[in-house]
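Inspection log for the structure reproduced underneath, given as structure tokens.
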Amino acid sequence: MSKKGIKVSSVTLAMKGRDLLQKNGYKAYLTRNPKPGKGEGCGYLIYVNNLDKRCFQILQNNGIKVIDTVDLGDTL
């Protein structure tokens, strides 16, 4: 199973998103983006064990826009 990180627009939103997911029972962490693109959000990702669509709903319902997901491979 590949590991995915959630890309958002700023490190502040990444921290808020991590905290929201943790409050909802997920094990969520911040990690550096191994493949940052120019102008594509911040340099951090939210990594969630057992990432599912409910994670995206929690973020969206709290005003955190998900830009993309990034395949983390074996970097964690």
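The values are calculated or read from the model by the stated rules, or taken from the named source; none is laboratory data. Quantities reported herein were computed from a predicted structural model and do not represent experimental measurements. Cβ sites come from the backbone with ideal geometry, for glycine too, and all protein chains shown count toward neighbours. Accessible surface areas use protein heavy atoms only, side chains included; no ligands, DNA or RNA. Shrake-Rupley method; radii C 1.70, N 1.55, O 1.52, S 1.80 Å.
Residues being surrounded by fewer than 15 Cβ atoms within 10 Å (Cβ to Cβ) and in contact with a helix residue (DSSP H, G or I) (Cβ under 9 Å, 6 or more places away or on another chain): count how many of those fall in region 41-60.
Adding up the residues that qualify gives 1.
For region 65-76: of the residues being closer than 11 Å to residue 6 by Cα and assigned to a loop (DSSP other than H, G, I, E, B), which is modelled with the lowest pLDDT?
Applying the first criterion (closer than 11 Å to residue 6 by Cα) to region 65-76 yields 65-72.
The next check asks that each one be assigned to a loop (DSSP other than H, G, I, E, B); those that pass are 65-67, 72.
On the way: 65: 94, 66: 94, 67: 91, 72: 82.
Among those residues, the one meeting the criterion is 72.
Collect the residues in region 6-60 that are closer than 17 Å to residue 73 by Cα, in contact (Cβ under 8 Å) with a residue 40 or more places away in the chain and in a loop (DSSP other than H, G, I, E, B), keeping them in residue-number order.
Once the filter is applied, which keeps residues that are closer than 17 Å to residue 73 by Cα, in contact (Cβ under 8 Å) with a residue 40 or more places away in the chain and in a loop (DSSP other than H, G, I, E, B), region 6-60 yields 34, 51.
Quickly run through region 25-40 and pick out the residues that are open to solvent by 40 Å² or more (accessible area, probe 1.4 Å) and in contact with a Lys or Arg (Cβ under 8 Å, 6 or more places away or on another chain). Step through it out loud before you land on a result.
Initially, region 25-40 is screened for residues open to solvent by 40 Å² or more (accessible area, probe 1.4 Å), giving 25, 27, 29-30, 32, 34-36, 38-40.
Those that are open to solvent by 40 Å² or more (accessible area, probe 1.4 Å) and in contact with a Lys or Arg (Cβ under 8 Å, 6 or more places away or on another chain): 29, 30, 40.
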